[in-house]
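Step one of this worksheet: look at the structure below.
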Amino acid sequence: MRRRTLLALAGVGAGLVLQRVAAQAAPREIEITAQRFHFTPNRIALKAGEPVLLKIRALDFAHGFYIPDIDRRMDLIPGRVVEFAFTPANPGTLHFLCDNFCGDGHEGMDGVFEVSA
Amino acid sequence: MQRRDFLQLAAFGGGAVSIAGLAGCASLKGTPDEFYFVQLSDAHWGFQGAPNPDARGTLPKAVAAVNDLAEPPDFIVFTGDLTHTTDDPTERRRRMTEFKQVIAPLNGRTIHFMPGEHDAALDRGAAFKELFGDTYYRFDHKGVHFMALDNVSDRGTSLGPEQLEWMKAELAKLDPKAPLVVFTHRPLFPLVPKWDWHTRDGAQAIELLMAHENVTVFYGHIHQEHHFQTGHIEHHSARSLMFPLPAPGTAEKPLPIAWDPAAPYRGLGWRGVEVEGAKTSISEHPLNRAAEAKA
């Protein structure tokens, strides 16, 4: 087999690998905004086993984003996008909430991930 | 009327009475150093809304009821959310000043103030410190150690490393067998994390307290009586003086329970705590004792 052919095949193989890696590394992106005193959207449908990338933007305050069911939280910085990648393992409901006290209405600033099978 | 009579009457009148911690401190049993204190919590002065049509009248009722006690308590502690939150720093100070005026009839007794997140989170305790003093501190009373913690000035509901270090140093000075009462606003343990009813670094505080044999925690925040135990440490939350909240985890959100015109002030009240040697007795004092006795 000629060297040029070998290189071409190697190139195709590498491309397949890269494509597979790219497929695995490209979770569904979900944009969420945090603004006193609500998240938008605040009910988000997910599938168990499906990787997602949350892109969360606070508009007016250093809100928190806390998912107690998986014990993960992050501080949001107004004007910046904070990313969080995760894969829900099982069907059910995962709650999220603002856990940095942000004023009169903070207690109702929350939402849910509704995870289907 | 003797203090013991007062407590018995409180129990007879519908106030739930439970015996709390401090067990095992035999050295204090039978000593003359018995005393009681009053815990008031979550007055939310400045709140306006349907959950309490008598928002300006409720705290004065509690003040009058405490003043009507036959024997005054040794001290009174307010475990946070003295005022309802506001974005306006001037209004925050106005509410705090007015709160002090409303409770002025209690003057003459020692009062310990603590902040809640409604008082302190938005300005990291600045106004509270101006008007009430330190946000965390320690004192002793008749052989019992008291420690007031601040888990609200940090918007992230943490005590923070500085306060934890202070706590560790203070606890190191105490006899681990001596009774220790801790006041906080938020629960130190994860009561309902999805409602933010916890303290982010509360486990570290509890770990520090575990070395002490007789620890009882009194807190507020959840606007209802609740009793829980972590190891040998007991945690007792108090009622609010503005609106009750749902029982832990029983609603979608921790939002105020609607005012019931047929039973006004239901769920609101304050508490007396008698420290009697080796045990602590809690007497709940509903603002509408008659309605709650009927229920």
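Every number in this text was worked out from the coordinates using simple rules, so none of it is lab data. This is a predicted model, so every value here is computed, not measured. Backbone-built Cβ (ideal geometry, glycine too); neighbour counts: all protein chains shown.
What is the antiparallel percent of DSSP beta bridges lying wholly in region A:27-116, to the nearest 5? Looking only at bridges with both residues in region A:27-116, the antiparallel portion is about 60 percent.
By the equivalent-ellipsoid construction on the alpha carbon gyration tensor, region A:27-116 comes out with semi-axes of 21, 14, 10 Å, ordered largest to smallest. Across region B:40-253, C-alpha contacts under 8 Å between residues 6 or more apart give a mean separation that, scaled by the residue count, equals a relative contact order of 20 percent. Taking a point 7 Å from the Cα of B:ALA203 along the Cα-to-Cβ direction, the residues of region A:57-96 with backbone N closer than 17 Å to it are A:66-74.
Label separation (B:GLN48 vs A:ARG57): 3.5 nm, computed from points 7 Å beyond Cα along the C-beta direction.
With θ taken as phi - 60° and the Karplus curve 6.51 cos²θ - 1.76 cosθ + 1.60 applied, the whole-hertz 3J(HN,Hα) list for region B:266-276 is 4, x, 9, x, 9, 9, x, 10, 9, 9, 10 Hz, x standing for glycine and proline. Extending 7 Å from Cα along the Cβ direction at B:ASP260 and again at A:GLU29 yields two label points whose distance is 5.2 nm.
The mean number of Cβ atoms from other chains found within 10 Å of a Cβ in peptide B:250-258 is 2, as a whole number.
Contact order for region B:203-295, expressed relative to its length and based on alpha carbon pairs under 8 Å spaced 6+ residues apart, stands at 19 percent. Between A:PHE86 and B:LYS142, the FRET efficiency estimated from the beta carbon spacing at R0 = 41 angstrom works out to 0.20.
Take chain B and mark each of the trypsin sites (Lys or Arg not before Pro) that is in a DSSP loop with at most 14 other Cβ atoms within 10 Å; the longest unmarked stretch, sites excluded, is B:178-295. Between rounded, prolate and oblate, where does chain B land on the alpha carbon gyration tensor, with a ≥ b ≥ c its root eigenvalues, rounded for a/c under 1.5, else prolate if a/b exceeds b/c? Since a/c stays below 1.5, the shape of chain B is classed as rounded. Cβ crowding within 10 Å, taken as a proxy for footprinting-reagent exposure, orders B:HIS226, B:HIS235 from fewest neighbours to most as B:HIS226, B:HIS235.
With 0.36 nm allotted per residue and the present C-alpha distance subtracted, the A:THR40-A:ASP71 stretch has 9.0 nm of extension available.
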